[in-house]
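Right, one structure below, let's go through it.
The values are calculated or read from the model by the stated rules, or taken from the named source; none is laboratory data. Only a predicted model underlies this, so the values are computations on that prediction, with no experimental measurement involved. As a convention, Cβ positions derive from the backbone with ideal geometry for all residues, glycine included, and neighbour counts pool all protein chains shown.
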Amino acid sequence: MCADTCPNEQYIMEALRLGTPEEIPSFCQSIMGDVQRDFFEMNDGDVPDEDILLTQVGDLTVYKAFGYSSRWNGSPGTTLVIDDAIRDRVDEMNKEVEKKHGKRYHVNNMGSIRASNEVASWFVEAGISTVEDLKLFLDGWDFKAPKVNTIEQYRIGRRQCMDANFVPFASANLVMEPANQSISFALTAKLMRKEPGLIVQFYDLLTRMTEARFKAAISAGYKCFCTADDMAYKTGPMIHPDKYRKFVTPMAKRVCDLVHDSGGVIFMHTDGFIDPVMDCFIDAGYNAIQPLEPTSGMTIKRVKENWGDKIACIGNVDTTNTLSFGTPEDARKYVHRCFKEATDASGNISGYMFAASGTLHNEVKVENALAMMNEYTKIRHGIIQV
């Protein structure tokens, strides 16, 4: 059929533009392996044919079967290019890291120290800790735009999703999350005070990479976007809001402007307590904020009361406690709490997209996740009232 859009995409775009869609759409970051396993075991591996969604951008069956409208799904990737100076320095750093930590540890070409086993690789700490090293890397870093065949793969994948009334968000990091994996916090703080031009140069490179990815996604037909860029702890932002506004907001605005110029919508993902930087997100042009982590003090009510006419909400059913250690009834009650907080004085739900407060991680009980989604579906279709 190859549809150019679908009802859920239209609901999402209306909700993120602070409208009141006919039905409230939903979003999922990801569903981790143990939850997927428990779900399929519960159903003896059987999934209705209408929920099977095998696409060029991945197997999305479990998301469709759970009842979600959308998830983030990456975007056509850029290729990092390095020069011989970086290659030589990474070799030296690898010898230092292996001597200090062991053979499972290595430094990648972005200067990030990682560990690995037979099945996975994960971030350990930033490897660039001096101005001299950062200058060396900045002089030798470049990238190639996404490949044509990858863009076509995303184009086909999106159309397959549209035919199934499912929405893949084109996603990429912005600057803080990748930068924090390359350069140490101590160096970042020093540069912001004494050599801000180096931070701007690094953030500009990262932003250009995201712009290249989103331009490719736009050419593949994508209309819904997100930047995943964790920048806050449970107590507040990792850097002072003034520094965030100075160094990060201009980069975010470039990406948001790109998406808006294409007719799309975009949300910002970050965990943590983010009240002090909410105006930065708004000024950058984000349509919505996600996931509104309740264990960090974030609630839909608070965002609606303070910024409800400026930014939409995505979230915030508690994954840390309620879905992990509560009961199905606790999960259902939390769904109602979210919908009540999203409802205005006139009884309308505007600028809201239903979601949990993060990934359905391996501690989440599948029965709680299903109770959450079943309750959401009943509310969405008017079977029960909030």
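Summary table
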item	result
Cβ pairs under 6 Å, 6+ apart, first in the stretch 240-269 and within 12 Å of MET176 (Cα to Cα), second of a type in the set (Ser, Thr, Tyr) and outside any loop (DSSP other than H, G, I, E, B)	MET251/TYR203; MET251/THR207
Residue within the stretch 198-220 that is part of a loop (DSSP other than H, G, I, E, B) and surrounded by fewer than 17 Cβ atoms within 10 Å (Cβ to Cβ) present	no
Residues of the stretch 26-75 satisfying the condition of being part of a loop (DSSP other than H, G, I, E, B), free of Cβ contacts under 8 Å to residues at least 60 places away in the same chain and either in contact with a Phe, Trp or Tyr (Cβ under 9 Å, 6 or more places away or on another chain) or aliphatic (A, V, I, L, M) (or both)	ASP46, VAL47, ILE52
All positions within the stretch 92-120 that are among the polar types (S, T, N, Q), without any contact (Cβ under 8 Å) to a residue 40 or more places away in the chain and either out of contact with any helix residue (DSSP H, G or I) (no Cβ under 7 Å at 6 or more places or on another chain) or more than 20 Å from THR79 (Cα to Cα) (or both)	ASN94, ASN108, SER116, ASN117
Search result, residues across the stretch 351-367 that are out of contact with any Ser or Thr (no Cβ under 9 Å at 6 or more places or on another chain) and either modelled with pLDDT under 95 or surrounded by 19 or more Cβ atoms within 10 Å (Cβ to Cβ) (or both)	VAL366
Residue satisfying all of: in the stretch 180-189; in a helix (DSSP H, G or I) and in contact with a helix residue (DSSP H, G or I) (Cβ under 8 Å, 6 or more places away or on another chain); surrounded by the most Cβ atoms within 10 Å (Cβ to Cβ) among these	THR188
Per-region count, the stretch 319-336, residues surrounded by fewer than 23 Cβ atoms within 10 Å (Cβ to Cβ) and in a loop (DSSP other than H, G, I, E, B)	4
Per-region count, the stretch 134-149, residues surrounded by fewer than 19 Cβ atoms within 10 Å (Cβ to Cβ) and out of contact with any Lys or Arg (no Cβ under 7 Å at 6 or more places or on another chain)	11
Residue that is farthest from ILE311 (Cα to Cα) [pool: residues in the stretch 1-24 that are free of Cβ contacts under 8 Å to residues at least 24 places away in the same chain and assigned to a loop (DSSP other than H, G, I, E, B)]	GLU22
Selection from the stretch 337-386 of residues that are part of a strand (DSSP E or B) and more than 24 Å from the chain's Cα centre (by Cα)	THR343
Qualifying residue in the stretch 31-46 (condition: under 16 Å from the mean Cα position of the chain (by Cα) and either surrounded by fewer than 15 Cβ atoms within 10 Å (Cβ to Cβ) or within 18 Å of VAL317 (Cβ to Cβ) (or both))	yes
Residues of the stretch 72-97 satisfying the condition of being under 16 Å from LEU205 (Cα atoms), among the polar types (S, T, N, Q) and buried (at least 16 other Cβ atoms within 10 Å of the Cβ)	THR78
Odd one out for ARG114, checked against (1) among the basic types (Lys, Arg); (2) over 29 Å from the mean Cα position of the chain (by Cα); (3) outside any loop (DSSP other than H, G, I, E, B)	(2)
Residues of the stretch 282-329 classified as in contact with a His (Cβ under 8 Å, 6 or more places away or on another chain) and aromatic (Phe, Trp, Tyr), total	0
Cross-chain or 6+ apart pairs with Cβ under 8 Å, the stretch 320-332 first and among the acidic types (Asp, Glu), then at pLDDT 95 or above and surrounded by 16 or more Cβ atoms within 10 Å (Cβ to Cβ)	GLU329/ALA371; ASP330/THR322; ASP330/ASN368
Count of residues meeting criterion [in contact (Cβ under 8 Å) with a residue 40 or more places away in the chain, more than 23 Å from MET32 (Cα to Cα) and either part of a helix (DSSP H, G or I) or out of contact with any Phe, Trp or Tyr (no Cβ under 9 Å at 6 or more places or on another chain) (or both)] in the stretch 121-146	17
Residue identified as surrounded by 19 or more Cβ atoms within 10 Å (Cβ to Cβ) and not polar (S, T, N, Q) among ILE282, ILE289	ILE289
